[in-house]
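The values are calculated or read from the model by the stated rules, or taken from the named source; none is laboratory data. Computed from a prediction, not measured in an experiment: that's the story for all the values here. In this analysis, Cβ positions are derived from the backbone assuming ideal geometry, glycine residues included, and neighbour counts consider all displayed protein chains.
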Amino acid sequence: MQKQKYFNLFTIGLSLWICFSSLGLSAQQTDNFQLNQQKMGRFLQFLKFFYVDTVDFDKIVEKGTIEMLKELDPHSIYISKKDVTRTNEPLQGNFEGIGIQFQIIKDTIVVVQPIKGGPSEQVGILASDKIIQIDDTVAVGKICTNEWVYTKLRGKKGTKVKLAIKRGKEDKPLVFTVIRDKIPINCIEAYFMIDKETGYIKLERFSQTTKDEFLSAISELKAQGMQHLIFDLRGNSGGFLSAAIDMVEQFIEANKLVVYTQNNQTQNRITYNTRGKGSFQKGKLVILIDEYSASASEIVSGAVQDWDRGIIIGRRSFGKGLVQTPTMLPDSSIIRLTTSRYYIPSGRCIQKPYEGVEDYGQELINRYNAGELTHADSIHFPDSLKYYTENKRIVYGGGGIMPDIFIPMDTIKVSDYYWQLFRHNLFNQYVLRYLETEKQHLLNNYPTFETFNENFEIDSAFLSHFYDYAYKENVKDTLLFDFSAMLTHFTQTYKDSLNVLYPSQDDFCQDTVLQSMIQKYIHDEMEAYIHRQKNFDTEKYIKRQIKTLLARSLYDPNKATKIWLEDDNTYQKAIEVINNTSMFKKMKIHY
């Protein structure tokens, strides 16, 4: 009875809180809400005291919460207590640990890169080092999973961990004692000078450290002579609203609307304006977006477009314009509930339409099937979605940001061989093994990234060595035929006809139809293979992948991205646009 008393008191208290918080609802809405609340409370009581077996209330309530949120919208989510910390890490901009990027290669922990300025770099741990023991535990074999490594290497700031490391041809393991510290999760993936006047910055997420990292990168690039900027937001799924506002302020003068949020139920509207002098309010600006740029990325690119501050290049962005407000529950789990929508200065709502979660998840596939990602003439907007920028340029709503210059998705499929190399992680494995013996030789010959990028070539002998390595790892450049799938499809398609033509096995075996069918299948597969080979230069991509990974390990990882971008159509178009002053004038873009 004592438990029931406290349970009833809790229910009454919750009812009073909800009553006060729902004063803005109509009387009818309030009555219905309280009725439903009472139904839920009564159900839980009935379940607790009368169900035939023991009930796992944690599991039932958690699953029920998840399912209820699915009925609301695609972005209201539940985060369990155990997942809260890891979910928030990318947005907080740091975690506590030893500071390495690692990969598990053949049951061995291999250091890909110590994080710059982190505790591992400070004690002398290097790329390609193999961690073979953590404290008193052997760290090789089936025990090595990503989750296990995280558990062993992460920990509170100030705590120690002892690592035994195998390095190159050293006979004995090297032992390091690393003191854990706060490790930054950088939101800027890369920045560098493209030429004497144009800089490039790739932003991966909008976190608490975004503004400081951006200001640092801008300062460094300006010191190298930067006057114009290509700002890459492709694949950036968003983050903190405050970080998006900070970013818009870097490009647009004070007292300009950045975004406003509105709750359609309460009509509550909050506006956010730029507040001060930014770091790049003068100079040509190009922003790159794609179908995976979302939320904060769309606020930045949309505000820049609406105020005619820069040119947007790429493909229509994702269309995530729902605002989530986090609420902590009594067990420290969190609900991120959608509470309003984002609207950018022209009045456009960023959020694309949604009806069901499944349909919403298929929307990008539907775009592709409709040709929107590959052909500009497949994109049509009704006049009702027409809006205007500050200089009266026409832009369109309907969800997401439509770029000023469309760049189609690259639909050339990678070769089967290249995909196998990538899927088996052979590029990373080979580069790490190669650097064990050749790192110092490369640094002697190419002391800077610039000399490496200009002069280092992967020749036929290097490629041959790589192909031999891949062959030993059972990855071969061969054309595989799936006869089983072909025959299954054929028999399912022509089952009725085959039963009539071949009533017995002997009749089928004596006919030449089967041989002709197999020959046609082989011919068609060979033609498709040859077509893929002609349209995808496998050797070029292999060279580019290896050279990028070598540069990332040898020099500042920021600059290595420059190698990979050499064949990026959107990036190359951005450079062309930056160098075309007449286009900025024609489009009435402020610079």
Residue check for Leu565: aliphatic (A, V, I, L, M), touching a Phe, Trp or Tyr at 6+ places or on another chain (Cβ under 9 Å), under 29 Å from Leu421 (Cβ atoms) and modelled with pLDDT of 90 or more: yes
Of the residues in the range 129-173, those that are in a strand (DSSP E or B) and free of Cβ contacts under 8 Å to residues at least 24 places away in the same chain number 3
Identify the single condition in (1) under 23 Å from the mean Cα position of the chain (by Cα); (2) hydroxyl-bearing (Ser, Thr, Tyr); (3) surrounded by 19 or more Cβ atoms within 10 Å (Cβ to Cβ) that Thr145 does not satisfy, given that it satisfies every other one. (3)
Just give me the residues in the range 41-60 being exposed (fewer than 15 other Cβ atoms within 10 Å of the Cβ), of a type outside the set (Lys, Arg) and in a helix (DSSP H, G or I), in sequence order. Phe43, Gln45, Phe46, Leu47, Phe49, Phe50, Phe57, Asp58, Ile60
Counting only residues that are surrounded by 22 or more Cβ atoms within 10 Å (Cβ to Cβ) and more than 22 Å from Gln103 (Cα to Cα), how many does the range 547-562 have? 0
Restricting attention to the range 280-310, report how many residues are out of contact with any helix residue (DSSP H, G or I) (no Cβ under 7 Å at 6 or more places or on another chain) and either among the aromatic types (Phe, Trp, Tyr) or without any contact (Cβ under 8 Å) to a residue 24 or more places away in the chain (or both). 2
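To keep it simple, each residue is scored yes or no on (1) surrounded by fewer than 22 Cβ atoms within 10 Å (Cβ to Cβ); (2) more than 16 Å from Val395 (Cα to Cα); (3) under 23 Å from the mean Cα position of the chain (by Cα); (4) at pLDDT 95 or above.
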position	(1), (2), (3), (4)
Lys277	yes, yes, no, no
Gln281	yes, yes, no, yes
Leu288	no, yes, yes, yes
Tyr292	yes, yes, yes, no
Val300	no, no, yes, yes
Asp308	yes, no, no, yes
Gly314	no, no, yes, yes
Gly321	no, yes, yes, no
Within the bounds of the range 247-259, is there any residue that is more than 20 Å from Arg348 (Cα to Cα), β-branched (Val, Ile, Thr), in contact with a Gly (Cβ under 8 Å, 6 or more places away or on another chain) and in contact (Cβ under 8 Å) with a residue 40 or more places away in the chain? no
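This table checks each residue for (1) touching a Phe, Trp or Tyr at 6+ places or on another chain (Cβ under 8 Å); (2) over 30 Å from Glu298 (Cα atoms).
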position	(1), (2)
Pro408	no, no
Ser415	yes, yes
Arg423	no, yes
Val431	no, yes
Glu438	no, yes
Leu442	yes, yes
Ser460	no, yes
Going through the range 323-349 in order, the residues found to be surrounded by 23 or more Cβ atoms within 10 Å (Cβ to Cβ) and under 22 Å from the mean Cα position of the chain (by Cα) are Tyr342
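Restricting to the range 410-460, and then to whatever is in a helix (DSSP H, G or I) and among the basic types (Lys, Arg), can you tell me which residue is surrounded by the most Cβ atoms within 10 Å (Cβ to Cβ)?
Here the answer is Lys439.
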Identify all residues within the range 177-216 that are of a type in the set (Ser, Thr, Tyr), within 22 Å of Lys157 (Cα to Cα) and surrounded by fewer than 20 Cβ atoms within 10 Å (Cβ to Cβ); write none if there are none. Thr177
Filter the range 94-108 for residues that are farther than 12 Å from Lys157 by Cα and under 24 Å from the mean Cα position of the chain (by Cα) and give the result. Ile100, Gln101, Phe102, Gln103, Ile104, Ile105
For the range 174-207, enumerate the residues that are closer than 30 Å to Asp136 by Cα, touching a helix residue (DSSP H, G or I) at 6+ places or on another chain (Cβ under 6 Å) and outside any strand (DSSP E or B). Ile185
Could you identify the single residue in Ala164, Ala217, Ala254, Ala244 that is under 30 Å from Glu436 (Cα atoms) and of a type in the set (Gly, Ala, Ser)? Ala164
For Thr65, are the conditions met, namely being closer than 23 Å to Leu426 by Cβ, modelled with pLDDT of 85 or more, of a type outside the set (Asp, Glu) and surrounded by 14 or more Cβ atoms within 10 Å (Cβ to Cβ)? no
Residues in the range 87-98: is at least one surrounded by 15 or more Cβ atoms within 10 Å (Cβ to Cβ), within 30 Å of Arg423 (Cβ to Cβ) and modelled with pLDDT of 85 or more? yes
Exactly one condition in (1) of a type in the set (Lys, Arg); (2) under 24 Å from the mean Cα position of the chain (by Cα); (3) modelled with pLDDT of 90 or more is false for Arg367; which is it? (3)
Please enumerate the residues belonging to the range 243-269 that are surrounded by fewer than 19 Cβ atoms within 10 Å (Cβ to Cβ) and assigned to a loop (DSSP other than H, G, I, E, B). Glu253, Ala254, Asn255, Lys256, Asn263, Asn264, Gln265, Thr266, Gln267, Asn268
Yes or no: Phe240 buried (at least 22 other Cβ atoms within 10 Å of the Cβ), hydrophobic (A, V, I, L, M, F, W, C) and in contact (Cβ under 8 Å) with a residue 12 or more places away in the chain? no
Closer than 30 Å to Ile194 by Cα, of a type in the set (Lys, Arg), free of Cβ contacts under 8 Å to residues at least 60 places away in the same chain and part of a loop (DSSP other than H, G, I, E, B): which single residue out of Lys222, Lys277 fits that description? Lys277
Of the residues that make up the range 350-365, is at least one surrounded by fewer than 17 Cβ atoms within 10 Å (Cβ to Cβ), out of contact with any Ser or Thr (no Cβ under 9 Å at 6 or more places or on another chain), among the hydrophobic types (A, V, I, L, M, F, W, C) and touching a residue at least 40 places away in the same chain (Cβ under 8 Å)? yes
